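The values are calculated or read from the model by the stated rules, or taken from the named source; none is laboratory data. Values in this document were obtained by computation on a predicted structure and should not be read as measured data. Backbone-built Cβ (ideal geometry, glycine too); neighbour counts: all protein chains shown. Remember, those area values only see protein heavy atoms, side chains included, never the ligands or the DNA or RNA. Shrake-Rupley method; radii C 1.70, N 1.55, O 1.52, S 1.80 Å.
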Amino acid sequence: MATPFPFLFLLLFSLLPSVLSQFSISGVLIDCGVNTSYTDSQGLRWLPDSQFITSGVSKNLSTPGLFTTFSTLRSFPYNATRPRKFCYSLSSYRDLNSSRAKRYLIRTSYFFDGPGLPPVFDLIVDGNLWTMVNTTADYLAGSASYYEVVFPARGKTINVCLAGNPNYTKGDPFISSLEFIMLDDSVYNATDFGKKAMGLIARSKFGASGDTERYPNDRYNRYWQPFPDQIHAKTSTHNITSSAFWNLPPLDVFNTAIVADKGSPLAFQWPQQVSLQRSSYYVALYFADTLPKSSRNLSVYINGYQFYDGAVTSDGVVVFSPEWILSGLTTLTLAPGSGSNLNLPPLINAGEVFGLLDLQNLTITRDVTSLLAIKQQISNPPEDWTGDPCMPPEYPWTGVTCTYVSRIRVVALNLSSMGLTGTISPSIANLTALVNISLAFNNFSSAIPDLGQLNYLTRLDLQDNHLTGSIPQSLGNISTLSELFLQNNNLTGQVPSSLLNNSKLNLRLHPGNNFSPDPPVP
């Protein structure tokens, strides 16, 4: 049957002997809520999360016998009226000599021990709404949960954020661990990471039972879940090396297989119990003949459409499509291929399927840099001022309003009555799309910076602070300014005549302040 789906690739390898007996992970493994670093039984080094995030509360779990990574967690405050995101900031590497961005495997894990059911919340990477975290089914089964994505580095950091969503359930978002692992350039390199990210749906080792395949067998600590089949499972009779496969799967995934009965196709649901939304998916299937120096022909169908028809050798075959349309429950069918020897029925060793995520635009760099400079001069900034200030649109920073028309810009900054202390950074003038600034009823103690660059500013409210110095002359040159509230500060000097003579300006200077000469109270 001809396939209507584009971008199907076949990789055949005469596999080289593996020279990689020891692997070290390039990245960081973070145990959320733990106080000190440690090395686990696999030889992996875990760090406490306090150096990657400043918000949230750590908690020790009471369930006995937990792995160390699940014995603590960090939770974040839920706010139904003002949803907020809380972000881990992770340093990333981008090769300036290459057009390809480095990509990272990001895995977040969760274990909840009550009371009640675990909360449901959103998971965000670099301003992209990745997925809804719902661990209820795993919690009721007494199991941990994890979510995994392959994401490109688009700057010096990648931010992984949790956010309570009032459309789900009430409760504090939480996380047990966070893994951030840089992948080799060959891994999943058919995906355009300038436009896409990859969210894991399933990664299976067919015909296997027992423990999950992971590090050190998989150098990136990917989890290959056993997909048992007591009737059709078969163990390989020879060893296979896989160092030449682009996706660098672990060797052991080729040691087991699901093998169809002679002369008959074999159909099974994969991924199991997962109904997929109609969309494009990355699918990679791994094959190796279980007999040494042997080959067999087979056909593979996904939901009735032919995915592959050709040979499988003992050297190994990978068939993948970076954009294959899937919808609903998915059936994988193995059938004898053209010219098959019916004594060698079709088989499959392993498979991966990812959902493709469209990468969203981010707040322009100038606005992000300016807000970070403003944050540095506030002694107690809002705790959710991490990650992208405007993205996703459901979770902008506290006090930040954005526009999303052509470019993503900050158009309003309202931090009134937040008990903030510190100084007003001159970098606020670099937020050139600002229409409204309100920093009233705080404890700022600096001079008013030069805001003459803000050609769209209509309202500036700085009342009830501890501001000093004189009013900048440049404020009188902002033709769009219609409201200026400066009362109850410690301002001195002469009020610019351009402000006093502007009949369209709602100007409030009293009470407070010590101008000379003191303008009349309107």
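Give me the three principal axis extents of the range 289-435 from the C-alpha atoms, as integers in angstrom, largest value leading.
79, 30, 23
Taking R0 as 35 Å, what FRET efficiency do you get between ASN514 and ASN477 from their Cβ-Cβ distance, rounded to the nearest 0.05?
Details: r = 24 Å, r/R0 = 0.69.
According to the calculation, E is roughly 0.90.
For THR398 and LEU372, compute 0.36 nm times the residue count separating them, minus their Cα-Cα distance, and round to one decimal in nm.
Going from the current span to full extension adds 8.0 nm.
Quick one: with all protein chains in place, what share of the accessible area of the chain is carbon or sulfur, to the nearest percent (1.4 Å probe)?
C and S fraction of accessible area: 50 percent.
Name the residue farthest towards the positive end of the dipole of the range 113-192 from the options THR157, LEU183, GLY171, assuming +1 on Cβ of Lys and Arg, -1 on Cβ of Asp and Glu, about the Cα centre.
GLY171
Over the range 76-231, what relative contact order in percent results from Cα pairs under 8 Å that are six or more residues apart? Could you put the intermediate results ahead of the total?
Values: 308 pairs, mean separation 45.6, N = 156.
Normalised by residue count, the contact order of the range 76-231 is 29 percent.
Return, ordered by residue number, the residues of the range 339-369 whose backbone nitrogen is under 20 Å from a label point located 7 Å along Cα→Cβ of GLN277.
Residues 353-362 fall inside that zone.
How about the chain: what cysteines have no other cysteine beta carbon under 4.7 Å from their own?
CYS32
Once each part is reduced to its C-alpha centroid, what is the distance from the range 383-440 to the range 345-366 in angstrom?
Using only Cα atoms to place each centre, the spacing works out to 32 Å.
How large is the charge dipole for the chain, taken about the Cα centre, if only the Cβ atoms of Lys, Arg (+1) and Asp, Glu (-1) carry charge, to the nearest 20 debye?
500 debye
Report the relative contact order of the chain, percent, no decimals, based on alpha-carbon pairs under 8 angstrom and at least 6 residues apart. Each step should come with its number before you reach the end.
Details: 1331 pairs, mean separation 64.9, N = 522.
So the answer I get is 12 percent.
Sort the range 152-211 into rounded, prolate or oblate with this rule: let a ≥ b ≥ c be the square roots of the eigenvalues of the Cα gyration tensor; rounded if a/c is under 1.5, and if a/c is not under 1.5, prolate when a/b is larger than b/c, oblate otherwise.
Oblate is the answer for the range 152-211, as a/c is 1.5 or above yet b/c matches or exceeds a/b.
Rounded to the nearest 10 degrees, what's the angle between the helix 365-376 long axis and the longest principal axis of the chain, both from Cα atoms, 0 to 90?
Roughly 60 degrees, rounded to the nearest 10.
Return the FRET efficiency for the residue pair ASP261, ASN436: r is the Cβ-Cβ distance, R0 is 51 Å, and the value is rounded to the nearest 0.05.
0.10
If R0 is 45 Å, what FRET efficiency do you get for SER417 and GLN51 from their C-beta distance, rounded to 0.05?
0.90
How would LYS234, LYS205, LYS170 line up by accessible area, probe 1.4 Å, largest first?
Sorted by accessible area, descending: LYS170, LYS234, LYS205.
What ranking do 109-116, 122-129 get when scored by the average of other Cβ atoms within 10 Å per residue, highest first?
By packing density, highest mean first, the sequence is 122-129, 109-116.
Would any residue of the range 353-387 have its amide N under 14 Å from a label point 7 Å out along Cα→Cβ of GLN453? List them or say none.
Only 365-374 fall inside the zone, counting backbone N under 14 Å.
Where the only charges are on Cβ atoms (+1 Lys, Arg; -1 Asp, Glu), what is the dipole of the range 365-418 about its Cα centre, to the nearest 20 debye?
Using Cβ point charges on Lys, Arg, Asp and Glu, the range 365-418 gives about 260 debye.
When a/c reaches 1.5 or more, the comparison of a/b and b/c decides; with that in mind, is the range 210-318 rounded, prolate or oblate per its Cα gyration tensor?
Because its axes are fairly even, with a/c under 1.5, the range 210-318 counts as rounded.
Tell me the per residue accessible area of the chain using a 1.4 Å probe; a whole number in Å² is fine. Provide the component values of the computation, followed by the final result.
Values: 22740 Å² over 522 residues.
Spelled out: the 1.4 Å probe surface of the chain, per residue, equals 44 Å².
Measure out, as a whole number of angstrom, how far apart the alpha-carbon centroids of the range 68-91 and the range 308-333 sit.
Computed from Cα coordinates, the inter-centre distance equals 38 Å.
Can you compute the charge dipole magnitude of the range 128-187 about its Cα centre, using +1 on each Lys and Arg Cβ and -1 on each Asp and Glu Cβ, nothing else charged? Give it in debye, rounded to the nearest 20.
Details: 3 positive and 6 negative charges, 60 e Å.
With Lys and Arg at +1 and Asp and Glu at -1, about 280 debye.
Divide by every residue of the chain the summed helix terms, -39500 (n - 2.57) for each DSSP H run of at least 4, and state the resulting mean residue ellipticity at 222 nm, rounded to the nearest 500 deg cm²/dmol.
For the chain, the value works out to -1000 deg cm²/dmol.
With the dipole of the chain worked out from charges on the C-beta (+1 for Lys and Arg, -1 for Asp and Glu) around the Cα centre, which of LEU66, LEU123, ILE231 lies farthest toward the positive end?
LEU123
Could you count how many Lys pairs in the chain have their Cα atoms under 26 Å apart, skipping same-chain pairs fewer than 8 positions apart?
The number of close lysine pairs in the chain is 21.
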